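Each value in this text was obtained by applying a stated rule to the coordinates, not by laboratory testing. All values derive from a computational prediction rather than experimental measurement. Positions of Cβ are generated from backbone atoms using ideal geometry, with glycine treated the same way; all protein chains shown enter the neighbour counts.
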Amino acid sequence: MTRQRGGFLSNLNAADLVLTAGLAVVIGVWFGFWSAFVYPAATALLGPIGASFLYGAWFLGGLIPPYIIRKPGVAFLGEFIAAHVEFLTGSPYGTLLTYYGATQGLASELVFALFRYQRWDLPVLMLAGAAAAVPALIMDYILYDYQTLAIPLQAILWLGYFGSGAVLGGGVAKWVSDAVARTGLLSAFPLGKEVR
């Protein structure tokens, strides 16, 4: 595997950009469904603390494209585009999605940069998914006054955000991407070459 050099987004070619955008659109539509139906139903049934264990599904835009392409900037770009597609689906979160998409993608990006875009195993993907929970938690504390919850409830909330980021984010990103790569559809990209 060659080491990636250059600045943010500088190593992306046309195929990388097309795949990132295409995946982000599909993931963004999924985000819209998650926002409109799944998460509200989970919140109504389990409350915000119980529903936090499903939060990590919103981090897939910053995890699936970079795991496949393995270049700087893809995590940020994927999550940012997916968040804006979610906005276009009529998501109840509206323009706040600009913050969520940018900061969650950047948080995952920083983890991949920490490993110099060289390690793409499950622990790194799970760490990148958990990292995306940090800016989400910050904004949600502001919006929903989570600081008023008892400390044990806050601890469960944190476990939900970080745990789901690791499992529903990083774990699912690896599982889905590996399954697609085994079909041969990603043979032009680093993950496809690794699987082949």
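Just to be sure I understand, how many residues within the stretch 117-133 are assigned to a helix (DSSP H, G or I) and more than 13 Å from Ala173 (Cα to Cα)?
Matching residues across the stretch 117-133 total 3.
Rundown of residues vs (1) touching a residue at least 24 places away in the same chain (Cβ under 8 Å); (2) within 16 Å of Phe53 (Cα to Cα); (3) aromatic (Phe, Trp, Tyr); (4) out of contact with any Phe, Trp or Tyr (no Cβ under 7 Å at 6 or more places or on another chain), yes/no style:
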residue	(1), (2), (3), (4)
Asp140	no, yes, no, no
Ile151	no, no, no, yes
Phe162	yes, yes, yes, yes
Lys174	yes, no, no, no
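Which one of these does Leu127 not meet: (1) in contact (Cβ under 8 Å) with a residue 12 or more places away in the chain; (2) touching a Phe, Trp or Tyr at 6+ places or on another chain (Cβ under 8 Å)?
Single failed check for Leu127: (2).
Considering only the stretch 173-196, state which residues are assigned to a loop (DSSP other than H, G, I, E, B), surrounded by 14 or more Cβ atoms within 10 Å (Cβ to Cβ) and of a type in the set (A, V, I, L, M). Quick ask: steps written out before the conclusion?
Here is the first cut: in the stretch 173-196, the ones assigned to a loop (DSSP other than H, G, I, E, B) are 182-189, 196.
So of that shortlist, the ones also surrounded by 14 or more Cβ atoms within 10 Å (Cβ to Cβ) come out as 186, 189.
Matches in the stretch 173-196: Leu186 only.
Looking only at the stretch 67-83, decide whether some residue is aromatic (Phe, Trp, Tyr) and closer than 19 Å to Val29 by Cβ.
So far as the stretch 67-83 goes, yes, one or more of its residues are aromatic (Phe, Trp, Tyr) and closer than 19 Å to Val29 by Cβ.
Go through the stretch 1-116 and tell me which helices (runs of 4 or more DSSP H), entirely inside it, have 1 or more residues that are surrounded by 24 or more Cβ atoms within 10 Å (Cβ to Cβ).
Here the list reads 14-33, 64-69, 74-88, 96-114.
What is the number of the single condition among (1) touching a helix residue (DSSP H, G or I) at 6+ places or on another chain (Cβ under 7 Å); (2) over 21 Å from Ala113 (Cβ atoms); (3) not aromatic (Phe, Trp, Tyr) that Ile69 does not meet?
Tallying (1) touching a helix residue (DSSP H, G or I) at 6+ places or on another chain (Cβ under 7 Å); (2) over 21 Å from Ala113 (Cβ atoms); (3) not aromatic (Phe, Trp, Tyr), Ile69 fails exactly one: (2).
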